[in-house]
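**Q** First the structure, which I've put down as structure tokens, then a few questions once you've had a look.
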There are 2 protein chains.
Amino acid sequence: MPVCRKFSGIVSETAQFFIFGTTISTIVTMPNVDLKRLAKELNLAVSTVSRALRDSYEISAETKQRVFELARKLNYVPNPYASSLRKQKSKTIAVVVPEIANNFFALAINGIESIAQEKGYHVLIYLTHEQFSREESIARHLQSGRVDGALVSLSGETSSFDHLNDLKQTGVPIVFFDRVCETLNSGRVTTNDFESGMVAAEHLVERGCRKIAYLSISNNLSIASKRMDGYLKALEKAGVPHDPKLVLQCSANDNEANYKAIVNLLKKKNRPDGIFASVEKLAILSYQACEELKLKIPEDIKILGFSNLETAAWLNPSLTTITQPAFEIGKEAAALLFKTLEKKSMNFSDEKIMLNSKLIVRKSTGN
Amino acid sequence: MPVCRKFSGIVSETAQFFIFGTTISTIVTMPNVDLKRLAKELNLAVSTVSRALRDSYEISAETKQRVFELARKLNYVPNPYASSLRKQKSKTIAVVVPEIANNFFALAINGIESIAQEKGYHVLIYLTHEQFSREESIARHLQSGRVDGALVSLSGETSSFDHLNDLKQTGVPIVFFDRVCETLNSGRVTTNDFESGMVAAEHLVERGCRKIAYLSISNNLSIASKRMDGYLKALEKAGVPHDPKLVLQCSANDNEANYKAIVNLLKKKNRPDGIFASVEKLAILSYQACEELKLKIPEDIKILGFSNLETAAWLNPSLTTITQPAFEIGKEAAALLFKTLEKKSMNFSDEKIMLNSKLIVRKSTGN
């Protein structure tokens, strides 16, 4: 490491701790000096400081010298967890998902674990319960370096991404799956949500529906808006006029409110003759609402939902689904993350992978 | 701390690190000296050494002096993660469960998170996929001190408990829930499995069944054997002779083999007229097997299962279940763990809590 040698004269014992060897020699705690403070004092980005301290080839010799000098002066000590991460590898990855009482995530996690197991990695699962505040708190928690990388599927409330960008800047690569962030430069694994939304609505139109409700899960999520775009495209193609009142913006985490909203929608005089549920739980709530209102499926109303429900075929009536390759999505996302982890550089992959979902026709949409 | 003062004269700076203050003053790494080595040289149990170093009142002054002296001589340094655990708290707990594609665990985890959230703790979820080797590996991983405590539901393969005892000995309290270890002295939260097994079998007898199959999940698990004891008791009380051929020992993780075994059981000349599935997935496989064999539920065969399936009421026919208070179990287990964590001593609670499940009669067991 010629660049490092160049600075060895000015690097203190403390600095040696994080720049050179893997052995902890001396730790003097100075808890208030962190990357942010260094960055502020030097008028640099946190990521630049972080890379300079890691002797990244992306950072100029001049900048590195400025960073090292200030680090020495302020007795900067890296977080021991974070240091363990970069030098000693935690051999652990995090999976951050909104919920697990959803077969899509349960299967995707199994796919992730199948790859992690091969690689000898542990998988930590974190639940956001669809809440932005929890997602933020988890991202902060992960900055302490307890994992080598993270696989993230966004909460329904998430519309800003600083917390994830910060995590990335501390050297933790992120790969998004299913509910992805389109503005952050990261690996992503999705399904063909637009096409699937179109296929779903076309199927309902084919089965005679003209007033198709779309139950959306969250305005923020790319999956919900893409599925809806597909739905709108299908209506347009079929010459079915779009009625905005048939689009129900459901809550990501308030099932009771969602249930009431669906019941209200179905009570209306001009009620829908078809329901397209953008996520599994909204399809189940629709069955429940139909039971309460004594609406027969598929005679009075047809129902189709995105779902990986294991019992879809044994429901009464069996549920027509758009089924995502959930296990495969998990596998591909994990493989993409390990590709980044196995690279030496901090140039994280921003590869995009798209897999295809499929329509499985069952009795809930009639014959 | 009078006992500590007594030894202050012979305690080195290194020893001071772990016995007194909360500030790390000096760390000299000597990776080969660990608790096990100290224990071996002193001919003491690892747990005794660990407690002596933590200045536990359970350990005599003489023993403490021997331990401190050797620790100083060998420059023993506690694992920094483990040390972080005891002094600086990771504010994180682990949940170790066999699977999540099971509504019981999904709900129990939600219950756990509701308490952890209140306490400002993060929850890490680890999956064993019903494999003993994974459970062992996770327990080792947790020994590094990344969590303050663990909530564990055993894998179907687990029949020895050294890995969990070792974890406990490193200072990580464990509370078991549902699938508990009966030989380890730890907090436990269970349901009334024996009574529920009895209620389930009595219900099938009442509905006219005389050849009731019991689908067991694993010989090792207390839940499976208690539910079976209840089933046997109910048969005895009703004067229905017990046929051991009707007890199917299913695999904890091979659903394909389980499916074949159920189909074979139902193909027999003297096939059962009732099925009591000890876990959710075996009830679903039974529906599938009945469909393949064109057996009508409940006319040809009645089915009842332990289950927290959200869609149980919408199955065709709706499934009669023994439903566990899964969310409550998670809450109680987490509360018990925090009770231990909030205590100053290492005397872990071994409190036992039992909650009641309930029978929910639906159409799969007829009228």
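The values are calculated or read from the model by the stated rules, or taken from the named source; none is laboratory data. None of these values were measured; they are calculated from a predicted model. Neighbour counts run over all protein chains shown; Cβ positions are idealised from the backbone, glycine included. For accessibility, only protein heavy atoms count, side chains too; no ligands or nucleic acids. Shrake-Rupley method; radii C 1.70, N 1.55, O 1.52, S 1.80 Å.
**Q** Determine whether the range A:300-311 contains at least one residue that is touching a strand residue (DSSP E or B) at 6+ places or on another chain (Cβ under 6 Å) and basic (Lys, Arg).
**A** yes
**Q** Check A:Ile360, A:Ile329 and return the single one that is under 25 Å from B:Asn102 (Cβ atoms) and in contact with an Asp or Glu (Cβ under 7 Å, 6 or more places away or on another chain). Spell out the reasoning first.
**A** Details: A:Ile360 fails: in contact with an Asp or Glu (Cβ under 7 Å, 6 or more places away or on another chain).
The conditions single out A:Ile329.
**Q** Could you list, in sequence order, all residues of the range B:82-96 that are within 10 Å of chain A (Cβ to nearest Cβ) and modelled with pLDDT of 95 or more?
**A** B:Ala94, B:Val95 - these are the residues of the range B:82-96 that are within 10 Å of chain A (Cβ to nearest Cβ) and modelled with pLDDT of 95 or more.
Matching residues to (1) at pLDDT 95 or above; (2) within 14 Å of chain A (Cβ to nearest Cβ):
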position: B:Arg146; (1), (2): no, yes
position: B:Ser160; (1), (2): no, no
position: B:Val172; (1), (2): no, no
position: B:Val175; (1), (2): yes, no
position: B:Glu182; (1), (2): no, no
position: B:Arg188; (1), (2): yes, no
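**Q** In the range B:207-250, what residues are free of Cβ contacts under 8 Å to residues at least 12 places away in the same chain and under 26 Å from B:Arg134 (Cβ atoms)?
**A** B:Ser225
**Q** If I filter the range A:55-77 for residues that are touching a Leu at 6+ places or on another chain (Cβ under 6 Å), modelled with pLDDT under 85 and part of a helix (DSSP H, G or I), do I get at least one hit?
**A** no
**Q** Residue check, A:Glu130 against (1) under 26 Å from A:Ser251 (Cβ atoms); (2) outside any loop (DSSP other than H, G, I, E, B); (3) within 14 Å of chain B (Cβ to nearest Cβ), all met but one. Which one?
**A** The number of the failed condition is (2).
**Q** Ok, one more. From the list B:Leu309, B:Leu293, B:Leu248, B:Leu266, exactly one residue is within 13 Å of chain A (Cβ to nearest Cβ) and either more than 19 Å from B:Pro98 (Cα to Cα) or at pLDDT below 95 (or both). Which is it? Talk me through it step by step, then tell me what you get.
**A** Values: B:Leu293 fails: within 13 Å of chain A (Cβ to nearest Cβ); B:Leu248 fails: within 13 Å of chain A (Cβ to nearest Cβ); B:Leu266 fails: within 13 Å of chain A (Cβ to nearest Cβ).
Result: B:Leu309 is the single residue among B:Leu309, B:Leu293, B:Leu248, B:Leu266 that is within 13 Å of chain A (Cβ to nearest Cβ) and either more than 19 Å from B:Pro98 (Cα to Cα) or at pLDDT below 95 (or both).
**Q** Taking the range B:313-340, which residues are open to solvent by 40 Å² or more (accessible area, probe 1.4 Å) and more than 14 Å from chain A (Cβ to nearest Cβ)?
**A** B:Glu328, B:Lys331, B:Glu332, B:Ala335, B:Lys339
**Q** Checking A:Val33 against (1) at pLDDT below 80; (2) open to solvent by 50 Å² or more (accessible area, probe 1.4 Å); (3) within 32 Å of the chain's Cα centre (by Cα), which single condition isn't satisfied?
**A** A:Val33 satisfies all of (1) at pLDDT below 80; (2) open to solvent by 50 Å² or more (accessible area, probe 1.4 Å); (3) within 32 Å of the chain's Cα centre (by Cα) except (2).
**Q** Further question on the same structure: Answer with yes or no whether A:Ile27 is modelled with pLDDT of 70 or more and under 28 Å from B:Arg140 (Cα atoms). If you could, list the steps in order and put the result at the bottom.
**A** Working: modelled with pLDDT of 70 or more: no; under 28 Å from B:Arg140 (Cα atoms): yes.
For A:Ile27, the condition - modelled with pLDDT of 70 or more and under 28 Å from B:Arg140 (Cα atoms) - is not met.
**Q** Please find, among B:Lys358, B:Lys352, the residue that is touching a Lys or Arg at 6+ places or on another chain (Cβ under 8 Å) and surrounded by fewer than 19 Cβ atoms within 10 Å (Cβ to Cβ). I'd like the intermediate steps shown before the answer.
**A** On the way: B:Lys358 fails: touching a Lys or Arg at 6+ places or on another chain (Cβ under 8 Å).
Answer to the selection: B:Lys352.
**Q** Still on this structure, please answer the following. Here's a check for you: in the range B:193-215, which residue that is open to solvent by 10 Å² or more (accessible area, probe 1.4 Å) and under 13 Å from B:Lys226 (Cβ atoms) is nearest to the chain's Cα centre (by Cα)?
**A** The extreme case among them is B:Phe194.
**Q** Continuing with this model, one more query. Of the conditions (1) farther than 30 Å from A:Thr170 by Cα; (2) away from chain B (no Cβ under 14 Å), A:Lys363 fails just one. Which one is it?
**A** Answer for A:Lys363: the failing condition is (2).
**Q** Among what's in the range A:269-283 and is within 30 Å of A:Ser133 (Cα to Cα) and open to solvent by less than 10 Å² (accessible area, probe 1.4 Å), pick the residue that is nearest to the other protein chains (Cβ to nearest Cβ). It would help to see each step written out before you state the result.
**A** Of the residues in the range A:269-283, the ones within 30 Å of A:Ser133 (Cα to Cα) are A:276-283.
Within this subset, residues satisfying the condition of being open to solvent by less than 10 Å² (accessible area, probe 1.4 Å) are A:276-278, A:282-283.
Working: A:Phe276: 18, A:Ala277: 14, A:Ser278: 18, A:Leu282: 13, A:Ala283: 10 Å.
Going through the qualifying residues, I end up with A:Ala283.
**Q** Of the residues A:Leu124, A:Leu151, only one is in a strand (DSSP E or B) and facing chain B (nearest Cβ under 7 Å); which? Before the answer, list the steps.
**A** Details: A:Leu151 fails: facing chain B (nearest Cβ under 7 Å).
Going through A:Leu124, A:Leu151 in turn, the sole match is A:Leu124.
**Q** Among the numbered criteria (1) in contact (Cβ under 8 Å) with a residue 40 or more places away in the chain; (2) in contact with a Leu (Cβ under 8 Å, 6 or more places away or on another chain); (3) part of a helix (DSSP H, G or I); (4) of a type outside the set (Gly, Ala, Ser), which single criterion is violated by B:Val175?
**A** Condition not satisfied by B:Val175: (3).
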